[in-house]
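What follows is a set of notes on a single structure, which appears directly below.
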Amino acid sequence: MTQSIYITSAEGHSGKSTVALGVLDALSRVTPRVGVFRPIARSTAERDYVLEMLLDHDGVDLAYDDCVGVTYDDVRDDADAALGRIVERYKAVEAQCDAVVVIGSDYTDVGSPAELAYNARIAANLGAPVLLVLGGRAQQGQGETLGLSVARTPQEVGQIAALTMPELLHERAEVFAVVVNRAEPEQLDEIIGSVRPIVDAAGTKPGRTVPVWALPEDRFLIAPSMRGVLRSVEGELIKGDPALLTREVLGVVVAGMSMVNVLPRLMESAVIVIPADRTEVLLATLLANASGTFPSLAGVVLNGGFELPDPIVRLIDGLGSSLPIIATDLGTYDTAVRIMNTRGRLAADSQRRYDTALAMFERHVDTELLTRELGVARPSVVTPLMFEYGLVDRARADRRRIVLPEGNDDRVLRAAATVLARGIADLTILGEPLEVRGRAIELGIDIRDAEVLSPFDAVHVDKFATEYARLRAHKGVTYAQAADTVTDVSYFGTLMVHLGLADGMVSGAAHTTAHTIRPAFEIIKTAPGVSVVSSVFLMALADRVLVYGDCAVIPDPTSEQLADIAISSAATAEQFGIEPRVAMLSYSTGESGTGADVEKVRTATALVRERAPELLVEGPIQYDAAADAAVAAAKMPGSEVAGRATVFVFPDLNTGNNTYKAVQRSAGAVAIGPVLQGLNKPINDLSRGALVDDIVNTIAITAIQAQGSNS
């Protein structure tokens, strides 16, 4: 039976989308098919950005048009007919899902005093319990998005709850939980204490206590982005990095004065409004932003519709500034007013907002209680997304410090911001601190909690050079040579791990595999009882996770190396919650084939049984006999591994690499890795085409490996 929850509020601008994202994310952790439904679309002129943001979540696989009920016009024309249409369209979504998050209307219509009652009526007809969102901030009209809203007192929030609860219950809606959003951070307990007795006295479902939670106000969630400013002023980006349009705007400076008077008024993360014919002010602003001695700006808006003279354009190009410069035809007053009225949007293209919203929800809402109370049971299947969530949960249960040598790569910085926001690991980022932190500020991401360390730091270079020279003395390495070598970020990061200054390292986004793992061979070395370093991919299929090894390191392993790979792969599988049943793959199954390649696998299988008698292992065996129960029954009846294998050991790199890529592309599997195994301490290599999510997953994996290592 599909479990649903209806998220509604008593007024607009309550931050309902933050709560909806948190609920959706929590449900995606425990059930494979989660849906989203919007009974009343906020606009017919443009697509609903809240719905688009939720549909963009990895746990949802539905089309936009299928997830919208009716419009405000439909409700005004005939509320009963609209309700019938909403139920009909909802049922079509429900049929495809195990759980559905329903997001109530946004109070964007004119003259809708009964909107809450209508939302309650919809919820009752859908059979979905209501999660009520109460606003912790009073609406102040213009300027509210730039931090000028007024916090409600605990008593005022309680009064809103007292007015709202009876209206929901009158329409026979079941109140599942109450979340006070955008609450004063210092008064969360008092606010909950004020709302709690109101909810308890309302007489909801007998025998059940309705949870009450509070989320604090966060200025970055409500601040408009530069992309929002661009849209509001109907402007055009004429200079700067488009990637920086995601940065939040925390203030507005109207530069209608001389350069000398503008500079002292610059503010951190502000947008500067400059008449387009005041080119000297524009140039001074760009120089101030690049100097490092003035606040870091979010962007510039040139108003008035004047074109920049060609010499000024050449001068700006020569400065190489990445600061977004937007041109608009509007006058100064209209430009400033539009910017002030630009509302922040919680959208998937703003990673900082996304991470902040999820982290805040997880910190203040008992998501385990939420899913349990909804009756969403954990299924036997494990989807790729659920597996990735499991990695994150395990990593942050025992946080470790991971070093990221590639602090000059934007993907690494974005991944670092996500890791820090979600509490996955503590981080050290290598690079020049001013450059790394400056770029993070430009990108609008928060890495304040990361340690940023220069690989040329004299104290560390001396310490690392002394240790490296000692380790490589047998190769004739002198201190002077070592001092030069250890400033390489891969060596620097590996030595941090070796000396216990970090628990693991993740690199390779901008370096080759050899560059990443060569220092590990020299410094970290292999674990006791392991002769080779190898790798696996964690292959997350639609309903289970398999382990493929080796697909990235050893081109043509010997029988002894194959046995090592099998034993290491089984240990890796167990470390990530996968019961190891090892298939030693070949083009022949059992005793049916002969030849050097088959004999290599047969010998390797015997070595595994000798060295690890507790392991379930079968080989040589073909892939179909290892993976398919029907084939296994015919080719290898009675085997504990055939048809049920979870760890697939390939006879050579060519076979393994091509197979994992074929499964990844043709079966839609998520390939997580390569995960290096066999080292004393965890070092992991990234693909140079790695996405931000790939880097986050690899950091989580490395942290989990560190939890089980001897470090």
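The values are calculated or read from the model by the stated rules, or taken from the named source; none is laboratory data. All of these numbers come straight from a predicted model, not from anything done at the bench. For neighbour counting, all protein chains shown are included, and Cβ atoms are generated from backbone atoms with ideal geometry for every residue, glycine included. Note: accessible area is taken over every heavy atom of the protein model, side chains too, but ligands, DNA and RNA are not part of it. Shrake-Rupley method; radii C 1.70, N 1.55, O 1.52, S 1.80 Å.
Observations on the structure shown:
- Expressed as a whole percent, the accessible surface of the stretch 40-139 that belongs to carbon and sulfur atoms is 44, based on a 1.4 Å probe.
- Positive-end ranking of SER559, LEU55, GLY12 along the dipole of the chain, with charges on Cβ about the Cα centre, is headed by SER559.
- Put a plus charge on the Cβ of each Lys and Arg, a minus charge on the Cβ of each Asp and Glu, and nothing anywhere else: the dipole of the stretch 254-400 about its Cα centre is then about 460 debye.
- Longest site-free stretch - the chain; sites: chymotrypsin sites (Phe, Trp or Tyr not before Pro), DSSP loop, at most 16 other Cβ within 10 Å: 1-305
- Note on the stretch 35-114: with charges restricted to the Cβ of Lys and Arg (+1) and Asp and Glu (-1), its dipole about the Cα centre is near 160 debye.
- The stretch 183-338: antiparallel DSSP beta bridges as a percent of all, rounded to 5: 25 percent
- Angle between the chain longest axis and helix 188-201 axis [Cα atoms, degrees, rounded to 10]: 80 degrees
- Helix 433-443 axis, angle to the chain major axis (alpha carbon atoms, nearest 10°): 50 degrees
- If both residues of a DSSP beta bridge must be in the chain, then about 25% of such bridges are antiparallel.
- 3J(HN,Hα) along the stretch 301-316, derived from phi through the Karplus expression 6.51 cos²θ - 1.76 cosθ + 1.60 where θ = phi - 60°, amounts to 10, 8, 10, x, x, 7, 7, 6, x, 4, x, 5, 4, 5, 5, 4 Hz, with x in place of Gly and Pro.
- Assuming charge only on the beta carbon of Lys and Arg (+1) and of Asp and Glu (-1), the dipole of the chain about its Cα centre is about 900 debye to the nearest 20.
- Heavy-atom accessible surface of the stretch 467-555: percent carbon and sulfur, 1.4 Å: 56 percent
- Rg/Rh for the stretch 437-487 (Cα atoms only, Rh after Kirkwood) is 1.24.
- Inter-label distance, nm, simple model (7 Å from Cα along the C-beta direction), ALA629/ASP398: 3.4 nm
- Per-residue ellipticity at 222 nm computed for the chain from its helices equals -13000 deg cm²/dmol, with DSSP H segments shorter than 4 residues left out and the rest contributing -39,500 (n - 2.57).
- Two-decimal Rg/Rh across the stretch 228-357, once Rg and the Kirkwood Rh are taken from alpha-carbon atoms: 0.94
- Applying 0.36 nm per residue to the separation of ASP693 and GLN155 and subtracting their alpha-carbon distance, the gain on full extension is 189.4 nm.
- With every protein chain in place, the stretch 575-694: carbon and sulfur % of accessible area (1.4 Å): 50 percent
- Solvent exposure ordering (accessible area, 1.4 Å, most first) of ASP410, ASP106: ASP410, ASP106
- For the stretch 495-650, the fraction of alpha-carbon pairs in successive 10 Å shells from zero, as %: 11, 37, 33, 15, 5, 0
- Residues of the chain: accessible area per residue with a 1.4 Å probe, Å²: 40 Å²
- With Cα atoms, 0 to 90° folded angle of helix 559-575 axis to the chain main axis: 30 degrees
- Positive dipole terminus of the stretch 208-303, leading residue within LEU230, PHE220, LEU286 (C-beta point charges): PHE220
- Taking only the C-alpha atoms of the chain, the Rg (one decimal) and the largest Cα-Cα distance, Dmax (whole number), read 29.0, 88 Å.
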